[in-house]
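Undergrad: Okay, here's the structure, questions in a sec.
The values are calculated or read from the model by the stated rules, or taken from the named source; none is laboratory data. This is a predicted model, so every value here is computed, not measured. Here the Cβ positions follow ideal geometry from the backbone for every residue, glycine too, while neighbour counts run over all protein chains shown.
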Amino acid sequence: MKVASKWMVLLLLLCGVAAAEELSMLSFLVLKDYNGKPIRNASVIMHPVKGNGQQKNAGLELKTDAEGKTSFDGVPFGKLRVQIIAVGYQTYGDDYTIDKPRLEIVVKMKRPGEQYSIYKDHPEEKKNEKPPEPKKD
């Protein structure tokens, strides 16, 4: 009985060591694209990705500090979908393959781009136009 319990303890320890080797420490640095300054309070959202490319339901959200940094220790190796949201900036998203014990991800956030309209004329320009005359049969 004592020999069996010793083997069980050894097996559990080995499983713990094997699992620890497959976890990564992720560090994020979120910066402004135009001047390289950090973005405070940006949301960094992580979702594991299945083999077929769909993200799993599980996820985790982190917030950046005053230096634009955040980190998480214990991310399993594999595919990870990262989304970063910051007020006043375009949302960032990309998939990463986590295959190292430490990984630093630096993201430069861009300001929103110019918006385009599918309409050629603006409503203000049409105010002065006369409505089309009805057709006479």
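Undergrad: Name the single residue, out of those in the stretch 14-50 being more than 20 Å from residue 83 (Cβ to Cβ) and assigned to a loop (DSSP other than H, G, I, E, B), that is modelled with the lowest pLDDT.
TA: That would be 22.
Undergrad: For the stretch 93-137, give me each residue that is at pLDDT below 65, among the acidic types (Asp, Glu) and assigned to a loop (DSSP other than H, G, I, E, B).
TA: 121, 129, 137
Undergrad: Residue check, residue 75 against (1) surrounded by 10 or more Cβ atoms within 10 Å (Cβ to Cβ); (2) of a type outside the set (Phe, Trp, Tyr); (3) at pLDDT 95 or above, all met but one. Which one?
TA: Unmet condition: (3).
Undergrad: Continuing with this model, one more query. Could you list, in sequence order, all residues of the stretch 51-72 that are modelled with pLDDT of 95 or more and either among the small types (Gly, Ala, Ser) or in a loop (DSSP other than H, G, I, E, B) (or both)?
TA: 64, 65, 66, 67, 68, 71
Undergrad: For residue 114, state whether it is surrounded by 11 or more Cβ atoms within 10 Å (Cβ to Cβ) and acidic (Asp, Glu). First the steps, then the outcome.
TA: Details: surrounded by 11 or more Cβ atoms within 10 Å (Cβ to Cβ): no; acidic (Asp, Glu): yes.
Spelling it out, it is not the case that residue 114 is surrounded by 11 or more Cβ atoms within 10 Å (Cβ to Cβ) and acidic (Asp, Glu).
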